[in-house]
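What follows is calculated from the coordinates using simple rules that are stated; it is not laboratory data. In this text the structure is predicted, and so the values were computed from the model without any measurement. Using ideal geometry, Cβ is built from the backbone for each residue, glycine included, and neighbour counts are taken over all protein chains shown.
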Amino acid sequence: MKSVWKVLAVFAFIPIFWALYDQNGSEWVLQAQKLNLTIPLLNTTILAEQVQAINAVFILIFTPLFGFWLYPMLEKRGFAPTAVRKMAVGMLLLLVAFLIIAWLQVQIDAGQQPNIIWQMLAYIVLTAGEVMVSITGLGMPIRKHRPQ
């Protein structure tokens with residue numbers, strides 16, 4: 001019973017994670033319309049709706065990077081990346097992404113027009129959190145209770 005409560009404590013936050021995560025497809029695009037959409041390094045302008053593509057690109061980058069490099073490296077350094085720890089860090093990354101978005105919104109209310117690079121950073125942080133939560137959640141083993 002004790003184990004069930006531990007698992008429920010983690011999974012209780014998963015619906016909140018996804019409810020917040022889904023804001024990037026609507027509210028974040030509306031915010032992007034108010035940003036400077038010129039990417040300085042590429043000297044090009046993008047559409048507000050195109051920023052979301054960064055999520056798909058970084059899922060493809062982060063999934064193998066975390067699985068084959070980050071998690072093994074952390075384990076070698078004595079920090080076992082358990083499923084619960086990965087999911088907790090993923091949720092913290094969601095918080096960081098939303099802090100970046102909130103900061104951008106304050107800048108917009110102050111009459112500024114921050115660069116889209118800031119929102120791209122929020123997408124990258126959000127995607128790292130998504131990989132930690134969703135991939136870990138999909139791969140968590142289910143243990144069957146054995147009667148004694």
Each residue of the stretch 51-65 in turn: what ³J(HN,Hα) in whole Hz from Karplus with 6.51, -1.76, 1.60 and θ = phi - 60°, glycine and Pro shown as x?
4, 4, 4, 4, 4, 5, 4, 6, 5, 5, 7, 6, 4, x, 4
Between residue 60 and residue 84, what FRET efficiency comes out of the Förster formula 1/(1 + (r/R0)^6) with R0 = 22 Å and r the beta carbon distance, rounded to 0.05?
0.30
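Pairs of Cα atoms under 8 Å, at least six residues apart: use those to get the relative contact order of the stretch 2-139, whole percent. Mind showing how you got there, number by number?
On the way: 122 pairs, mean separation 45.9, N = 138.
Value for the stretch 2-139: 33 percent.
Give the residue list of chymotrypsin sites (Phe, Trp or Tyr not before Pro) in the stretch 39-94 that are DSSP loop and have at most 16 other beta-carbon atoms within 10 angstrom.
On the way: sites: 58, 62, 66, 68, 69, 79; in loops: 79.
Counting only loop positions with at most 16 other Cβ atoms within 10 Å, the chymotrypsin sites (Phe, Trp or Tyr not before Pro) in the stretch 39-94 are 79.
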Of 34, 86, 76, the one that fluctuates the most in a GNM where the chain has Cα springs shorter than 10 Å
76
Sequence order, the stretch 107-116: Karplus ³J(HN,Hα) from phi using 6.51 cos²θ - 1.76 cosθ + 1.60, θ = phi - 60°, Hz rounded, Gly and Pro as x, gives 4, 5, 4, 8, x, 8, 10, x, 7, 4
Taking amide H positions as placed 1.01 Å from N in the peptide plane, with prolines and chain starts having none, which residues 5 or more places from residue 36, or on another chain, fall under 5 Å of its amide H?
115, 116
In sequence order, calculated HN-Hα J values of the stretch 74-79 (Karplus, 6.51, -1.76, 1.60; Hz; x Gly/Pro):
5, 5, 5, 8, x, 10
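Could you work out how much longer the chain between residue 33 and residue 47 gets when fully extended? Use 0.36 nm per residue separation minus the Cα distance between them, nm to one decimal.
Values: separation 14, 0.36 × 14 = 5.04 nm, distance 0.80 nm.
Full-extension gain reported as 4.2 nm.
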